[in-house]
């Protein structure tokens with residue numbers, strides 16, 4: 001055995017290193033028990049999942065006629081969702097279909113299934129439509145059904161610069177704001 005000389009005077013070790021090897025049998029038993037416990041846990045969780053699913057189905061209230069129709073429509077849509085045929089002109093293309101492809105069928109399905117108003121499913125596209133229509137309206141000249149005439153914003157700014165603001169007659173009177181109702185404390189007052 002080698003003589004061990006500690007560098008610090010406070011530590012007095014009797015042995016300098018471990019002289020035994022790893023216990024291979026203990027490592028194999030530990031890994032085997034770990035795999036067995038993992039498999040038991042997986043089977044237990046899977047059994048609990050199927051048991052709770054069976055319990056949910058047995059305690060579920062019966063569907064109404066509308067819910068039943070909606071369920072059948074969703075099943076039909078799931079069956080045909082991935083089977084939409086390509087138009088003849090697009091069969092030789094490599095690019096994927098755009099996101100709006102097949103939108104007519106989806107719109108028809110939503111129209112039959114849900115009453116209006118429905119939630120937006122493509123809000124970016126619809127917001128772009130609103131912005132484009134407002135921008136077009138601000139750039140055109142026209143007359144609405146009430147007889148009001150509108151001109152493009154750029155033309156209105158040019159006219160304002162040329163003619164200036166209209167003259168105001170009389171003193172400025174700020175609009176009257178409704179007076180605030182005093183708050184009545186709820187409950188007994190504190191002294």
Name the residues in the stretch 142-158 that are in a strand (DSSP E or B) and without any contact (Cβ under 8 Å) to a residue 12 or more places away in the chain, would you? 142, 143, 149
What is the one condition in (1) modelled with pLDDT of 70 or more; (2) under 32 Å from the mean Cα position of the chain (by Cα); (3) outside any loop (DSSP other than H, G, I, E, B) that residue 80 does not satisfy? (1)
Cβ pairs under 8 Å, 6+ apart, first in the stretch 93-122 and closer than 17 Å to residue 72 by Cβ, second modelled with pLDDT of 70 or more and in a helix (DSSP H, G or I): 109/73; 109/77; 112/73; 113/69; 113/70; 113/73
Under the condition of being in a loop (DSSP other than H, G, I, E, B) and closer than 23 Å to residue 110 by Cβ, which residue from the stretch 49-77 is modelled with the lowest pLDDT? 63
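The values are calculated or read from the model by the stated rules, or taken from the named source; none is laboratory data. In this text the structure is predicted, and so the values were computed from the model without any measurement. Cβ coordinates were reconstructed from backbone atoms using ideal geometry, including for glycine residues, and neighbour counts include every protein chain displayed.
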